[in-house]
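Quick notes on the structure that follows.
The values are calculated or read from the model by the stated rules, or taken from the named source; none is laboratory data. Nothing here was measured: the structure is a model prediction, and the numbers come from that model. Using ideal geometry, Cβ is built from the backbone for each residue, glycine included, and neighbour counts are taken over all protein chains shown. Note: areas computed on protein heavy atoms with side chains; ligands, DNA, RNA excluded. Shrake-Rupley method; radii C 1.70, N 1.55, O 1.52, S 1.80 Å.
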Amino acid sequence: MLADALPATIAKGLKESMSNSYLVELKNITKKFPGVIANDKVNFNVKKGEIHALLGENGSGKSTLMSILSGLYRPDEGEIIINGTRMVFKSPRHAISAGIGMVHQHFKLIDSFSVAENVILGDDRIPRVLNMKEIEKNLAQLSLRYGLHINPASMVWQLSVGEKQRVEIVKMLYRGSQVLILDEPTAVLTPQETDELFRNIKEMAKSGRGIVVITHKLHEVEQIADRVTVLRKGNSVATLERDQINRQELARLMVGQEITTQCKRNTRPGTQKVLELQNVSCLNDLGLSGLKNITFEVHSGEIFGIAGVAGNGQRELAEVIYGLRKINSGSILVNGTNITGYSPRQMIDCGVALVPEDRLGTGLIPNLGTIDNLILKDYRKEKMNRGPFINWQKAKQKVSRLVDSFEVKVSSLEAPVKLLSGGNLQRLLLAREISSKPQLLIAVYPVRGLDIKATEAIHELLMGQREKGTAILLISEDLDEICKLSDRIGVLSNGSITGIISSDQADINEIGLLMMGETGAEAI
Amino acid sequence: MNHDIFIAILATAVTAGTPILYAALGEILTERAGILNLGVEGMMLVGAVCGFIIALNTANPWYGILIAMLAGGAVALIHALLTITLKANQVVSGLALTMFGTGLSGYIGKSYVGMPLPAPFHKIALPGLSNIPVIGPVFFNQDPMVYLSYILVAALWFLTFKTRSGLHLRAVGENPAAADSMGVNAFQIRYIYVVIGGMLAGIGGAYLSLYYVPSWMENITAGRGWIAVALVIFATWNPVNALWGSYLFGGIDALGFRLQTLNVNVSPYFLKMLPYIFTVVVLVLVTKRNMVKRIGSPQALGLPYDREER
Amino acid sequence: MILSSYTIEKRLAPSSTAFIFIPVLSIVLALIFGAVFLNLSGFNFIEIYTKMFTGAFGSYYGLTETIVRSIPLTITGLGVALAFRMQLWNIGGEGQLYMGAFAATWVALSFPSGSAWWLLPAMVLLSMLAGGLWALLPAIPKALWGVNEIITTLMLNYVAIFWVDYLVYGPWKDPNGFNFPLTAQFGPGAILPALGNSRIHAGLFFGIILAVLFYIVIYHTRWGYEIRVTGENPNSAKYAGMNTLKNIILVMVVSGAVCGLAGMSEVSGIGGRLQHGLSPGYGFTAIIVAWLSRLNPFAIIIVSFLLGGLQVGGYIVQTSGIPSSMVSMLQGMLLFFVLGGELLTNYRISKTPVTMSGVDNR
């Protein structure tokens, strides 16, 4: 069937690409993964010198599409045309040599290598025997030319997130990328760093490159895009020119329906201090200082948001409170009891619940079923046991009840949970953590990777807990989320709390400055 | 007199360490590429028997080495296919390889057991170098395969740390996804180094049957393949450390052997236990040291790489 | 131009037909490859395979021998499977078996005229203790510092075997044994009762009871739940407040104890004495048994029976000039095919049309 259509398509493609100066054209791209169609006949193109935003919510297929363009995935159907020539990318190598460079959301850097070693990786133009001094000198010059400051000799694991991103961009420019794809580049940056990145991007576009920015943030599209293509559920629903861009229209295209995002606060936070941290310090995985003299408290019925760029001590903070990481100094109190040095098991018994950052890596056991996953925190409780045995009957009753009341969609209670969607996984996790009736709920990036509907549902669950009087510590990299949900906001930068502000006085710029490490006055 | 015995033990330590050295060098490359191959013992055995049969029939040990290399590489290819393409469990596949290699070598070597080798390798004293006191007789009055191993250690060190190919090798073992995204062919590199690892293990095995013993018997390696795997951790994945590490292990082997001939009043069975106990103790100490110094195995060691894994 | 190409696609859930189909196919493929080897070395494979099959399953004697062999395989298979459940690679089943045999022998030789009602339980207990302690040696460094247990358990195999050799060639050698490396015959109270006039002994029940216990522990107890969670996701275990350190040590010790029991059942059920070369690698074959059975305790009994048959068949055809190592070769190949076949359970190979144009990439 396809065979007949093909020659005509090629001819048409050639004609089109001659009339326009497209650097890249993607036509009718289809990509299936087991159980999902990630891209369904998607069309997308990039012109010389433009910044083209690829907008869509989580799970709409943006990253898949760009992974196809960068040669990482192979499309099931459709064609890729670069400068008017049809291409089949068998691997990223082909894409790179065709001038396509992608900066992935999760950086593809080797931590134990130096910056220079990362940049030259895979480059066959350099001599077989490496002269690192020479290479580092050249790279330093190159990075200066693009205004992207990096030190080629430093080791990647020592770099901040912003620096790592610069290394990724230099890496692609070094390989001569004409089309630069940035996947959610601002997710890891402070507002100020974002501004700098946008300046750099515009500069690069001016020099004739095509820039693709993958994002789900509407204001970013407004800020920088020359054109925008909107993806929804794997389909390309529209491509708009600069003058057609407006927020309401984009939101409608992206979600397909009106979404009202408002948070009603019916109650005020209580006065009882549920969690108190006093001058807490700890080391990170590299044995360096992870948290420095952290002091704050969370009250009952309060959501305390931790804002900051990921990697500034968020994980360490959650682990320290939950007892997964040793602290060097300071003390932690829950309901007035000093619980410093408690194990996770003791923490659980104290009524501390944690929704960890890594859903499938820590929070859930991917290969086990819903029942096994939902009893993880209370399999030891007396009501679940008969002597040394687990009372599966009771466990099953409880699990069915939870699955119903939290509306988790599962095919069977025994099927491995790895088959569930991200939103369902998070409901499952929250169902388990909330059902333990915690005093304190720590939620780390609770909506990461979820689409808007699922995000709203999770937010409602958290707000519901707040109303019930649970103290909630919300750690997120999304400032909008933090501002929307929190009663107070603490800003974490480089392992320190640089400021605590009340959310009704929150100002994005001020938070941004605090995120960059400028200590502000504590205003509560 | 005592001095002579001391020199003799040291020289034997080098010969006893050489088969372990070859195998460990191979495993270092394999693990640097992110693949754990626990089939070293099996690959050594296959190399030992194939090398012996060829050397016996051609009366030329060099042909034996060549075929041992190919045979070791061929069985390693099974492991590569299973773990890289089919993404099988690397631990179990390696164990299967050891079992298969043990069986295969016993099967094809059955009629060769105990036969003498007409032309084994001989010692060649290197002019000049062999006259240096202590160092000369220990390191430079050896057979050609020992000299070859010196060159190999230097070459592999240079390859790993100073060349573009070495950079790619290490990158694939650390983070295959990152390497792949930059156009480094992670699959190809893993295949290449698993097979090279098998070739070196094959040579290590053949060294046993062509020089160290020199004869064929079932299970001639007696756990040396496993000691080589432990040595890789000891050597922190660095070929140069593997050199002296293997002589340390060889030295224990040689010492036990020497003590037996000296009529020491200890049961030979206890002396035979020495290398294995030593390996366990060293492994524990080294793992603790690596933990303190934060030296780890290649980050992606033992993990299959799937480009489209989401 | 359109080329059909085959792509490997991950299945969402493991295929259930493949679950049964793969082991069977693996056995067939391993036998086919074995046939190639036999033919290459000048044997008629049909003749050899017929002899093996009838030898192992075709006669009363053969069948009982197969069962006799399947006893230690079942017990050690269950032992290592327990450790594998927690992703602990206990490759030391062989050594733990030897140490169990050593401890049981010590009891038997110390009380040559003891009566069975207390002597046998004492032997069981001591053999399990010895096997457990032998596994404790690698378990502690594993739990505390993450020392690779594959290498340490394997190295300790050699030590245990040499230790038993030292005894049977030295202090424990039977003075009336014509200088053979074996101990004196145990007293009648130290012998496991046999089934009828066959060589099948009460060790069979050890295997069956242990399989049931294994099932109950893994699927119905809190500890079993912890083992399953830790094996699947150690991070989750830590996060749920499970004591991983304690579980590593406990699971290894129990695993070793079970393998130690296999040693007791061998010396007490078969020879009635400790001897050199007590086990033809049961502890290693146990790894294949466990993996082929996918760590399912009842499948372990069945697989042990099949591999026991393979060993008996291999023994029978040695008279036809087939080296005994053919069995270990076949077992290795079997494991290869099972591993390769797992791809079919977790992935699906599908034929997909991929459009390939004549335009080159560069």
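Apply the membrane-span-like helix rule to chain C: whole DSSP H runs, Cα extent along the own long axis of at least 30 Å, mean Kyte-Doolittle hydropathy at least 1.0. List the helices found.
Numbers: long enough: C:16-40 (37 Å, 2.34); C:60-85 (36 Å, 0.85); C:116-145 (43 Å, 1.45); C:244-266 (33 Å, 1.42); C:325-346 (32 Å, 1.30).
Qualifying helices, which must be both long enough and hydrophobic enough, are C:16-40, C:116-145, C:244-266, C:325-346.
Please report the spacing between the Cα centers of the range C:170-233 and the range A:196-245 in Å, no decimals.
70 Å
Taking amide H atoms as placed 1.01 Å from N in the peptide plane, list the residues 5 or more away in sequence, or in a different chain, whose amide H sits under 5 Å from that of A:Glu77.
A:Thr30
Against the 2.2 N^0.38 Å scaling, with N counting residues, where does chain B land? I'd like the Cα-based Rg ratio to two decimal places.
It is 0.99.
Working from Cα positions, state the angle (0 to 90°, nearest 10) between the long axis of helix A:132-145 and the longest principal axis of chain A.
For helix A:132-145, the angle is close to 80 degrees.
Which aspartates and glutamates have a Cα lying under 15 Å from the Cα of B:Lys288, excluding residues fewer than 8 positions away in the same chain?
Straight-distance partners of B:Lys288: C:Glu149.
Treat the range A:22-255 as a sphere of radius equal to its Kirkwood radius over Cα pairs and apply Stokes-Einstein at 4 °C in a medium of 1.567 mPa s; give the translational diffusion coefficient in µm²/s, rounded to a whole number.
Details: Rh = 18.1 Å.
In µm²/s, the coefficient is 71.
Given A:Lys137/A:Lys326; A:Lys383/C:Lys142; A:Lys164/A:Lys202, which pairs have Cα atoms separated by over 30 Å? Intermediate results must be reported in sequence, preceding the final value.
Working: A:Lys137/A:Lys326 42 Å; A:Lys383/C:Lys142 34 Å; A:Lys164/A:Lys202 20 Å.
Flagged as over cut-off: A:Lys137/A:Lys326; A:Lys383/C:Lys142.
What are the ³J(HN,Hα) values, in whole Hz, obtained from phi via the Karplus relation 6.51 cos²θ - 1.76 cosθ + 1.60 with θ = phi - 60°, for each residue of the range B:293-304 in sequence order, with x given for Gly and Pro?
Here the 3J(HN,Hα) series is 7, 6, 8, x, 6, x, 3, 9, 4, x, 9, x Hz.
Chain pair A, C: how much accessible area is buried, both chains summed, with a 1.4 Å probe, in Å² to 100?
Working: alone 24640 and 18210 Å², together 39460 Å².
Buried: approximately 3400 Å² between C and A.
If you average the sequence gap of Cα pairs under 8 Å that are 6 or more apart and divide by the length of the range A:293-346, what percent do you get for the contact order?
About 24 percent, as a whole number.
Any idea which of A:Ser435, A:Pro446, A:Cys483 is furthest toward the positive side of the dipole for the range A:406-524, if Lys and Arg beta-carbons carry +1 and Asp and Glu beta-carbons -1?
A:Ser435
Can you pull the accessible area of B:Thr12 for me, 1.4 Å probe, Å² to the nearest 10?
40 Å²
Can you work out D for chain C in µm² s⁻¹ from Stokes-Einstein, where Rh is the Kirkwood radius over C-alpha pairs, the temperature is 25 °C and the viscosity is 0.890 mPa s?
Details: Rh = 22.0 Å.
It diffuses with D of about 111 µm²/s by this estimate.
With both bridge residues required to lie in the protein assembly as shown, what share of the DSSP beta bridges run antiparallel, to the nearest 5%? Don't jump to the answer; show the numbers that get you there.
Values: 61 of 97 bridges.
The answer is about 65 percent antiparallel.
If you build a Gaussian network model of chain C, linking Cα atoms that sit under 10 Å apart, which residue out of C:Gly271, C:Gly177, C:Gly207 swings the most?
Ranking C:Gly271, C:Gly177, C:Gly207 by mean-square fluctuation puts C:Gly177 first.
Relative to the Cα centre, what is the charge dipole magnitude of the protein assembly as shown, using +1 at the beta carbon of each Lys and Arg, -1 at the beta carbon of each Asp and Glu, and rounding to the nearest 20 debye? Walk me through the numbers on the way to the answer.
Numbers: 98 positive and 84 negative charges, 183 e Å.
Dipole size: approximately 880 debye.
Just to be sure I understand: with springs between alpha-carbon atoms less than 10 Å apart, which residue in C:Gly203, C:Gly241, C:Gly313 has the highest mean-square fluctuation in the Gaussian network model of chain C?
C:Gly241
Quick one: what Rg and Dmax do you get for the protein assembly as shown from the alpha carbons, in Å?
32.9, 105
Search the structure for amide H atoms under 5 Å from the amide H of A:Leu182, placed 1.01 Å from N in the peptide plane, and list their residues when 5 or more places away or on another chain.
Sorted by chain and number, the residues that satisfy this are A:Val103, A:Val212, A:Val213, A:Ile214.
Counting only DSSP beta bridges with both residues in the range A:22-255, tell me the antiparallel percent, nearest 5. Provide the component values of the computation, followed by the final result.
Numbers: 23 of 41 bridges.
Of those bridges, close to 55 percent are antiparallel.
Once a ≥ b ≥ c are taken as the square roots of the eigenvalues of the Cα gyration tensor of chain A, is the result rounded (a/c under 1.5), prolate (a/b larger than b/c) or oblate (a/b not larger than b/c)? Don't skip to the answer; put the middle values down first.
Numbers: a/c = 1.86, a/b = 1.47, b/c = 1.27.
Prolate is the answer for chain A, as a/c is 1.5 or above and a/b outweighs b/c.
Where nothing but the Cβ of Lys and Arg (+1) and of Asp and Glu (-1) is charged, how large is the charge dipole of chain C around its Cα centre, in debye to the nearest 20? Mind dumping the intermediate values first?
Working: 17 positive and 12 negative charges, 129 e Å.
Its charge dipole is roughly 620 debye.
Tell me the mean residue ellipticity at 222 nm calculated for chain A from its helices only (DSSP H runs of n ≥ 4, each -39500 (n - 2.57), averaged over every residue, nearest 500). Could the numbers behind the result be given before it?
Values: 17 runs with 177 residues, N = 524.
-10000 deg cm²/dmol, from helical runs alone.
Once a ≥ b ≥ c are taken as the square roots of the eigenvalues of the Cα gyration tensor of the range B:176-303, is the result rounded (a/c under 1.5), prolate (a/b larger than b/c) or oblate (a/b not larger than b/c)? Could you put the intermediate results ahead of the total?
Numbers: a/c = 3.31, a/b = 1.67, b/c = 1.98.
In terms of gyration-tensor shape, oblate.
Would you grab the residues whose amide H sits under 5 Å from the one on A:Leu23? Only those 5+ places off in sequence or on another chain, please, with H modelled 1.01 Å from N.
Sorted by chain and number, the residues that satisfy this are A:Val46, A:Lys47, A:Lys48.
Calculate how steeply helix B:2-32 sits against the longest principal axis of the alpha-carbon atoms of chain B, using the helix alpha-carbon long axis, and give the answer as 0 to 90 degrees to the nearest 10.
Approximately 20 degrees, to the nearest 10.
Each residue of the range B:204-218 in order: what ³J(HN,Hα) in whole Hz does its phi give by Karplus 6.51 cos²θ - 1.76 cosθ + 1.60, θ = phi - 60°, with x for Gly and Pro?
Whole-Hz 3J(HN,Hα) from phi for the range B:204-218: x, x, 5, 4, 5, 7, 9, 9, 5, 7, x, 5, 10, 9, 4.
Label the range A:366-436 by shape, choosing from rounded, prolate and oblate, from the square roots a ≥ b ≥ c of the eigenvalues of the Cα gyration tensor; if a/c is under 1.5 it is rounded, and otherwise prolate applies when a/b is larger than b/c, oblate when it is not. Could you put the intermediate results ahead of the total?
On the way: a/c = 2.01, a/b = 1.67, b/c = 1.21.
Prolate, since a/c reaches 1.5 and a/b exceeds b/c.
Helix A:422-435: angle to the longest alpha-carbon principal axis of chain A, degrees 0 to 90, nearest 10?
Approximately 10 degrees, to the nearest ten.
Quick one: Karplus J couplings for the range A:339-344, per residue in order, coefficients 6.51, -1.76, 1.60, θ = phi - 60°, nearest Hz, x for Gly and Pro?
Once rounded to whole Hz, the list reads 10, 4, x, 5, 7, x.
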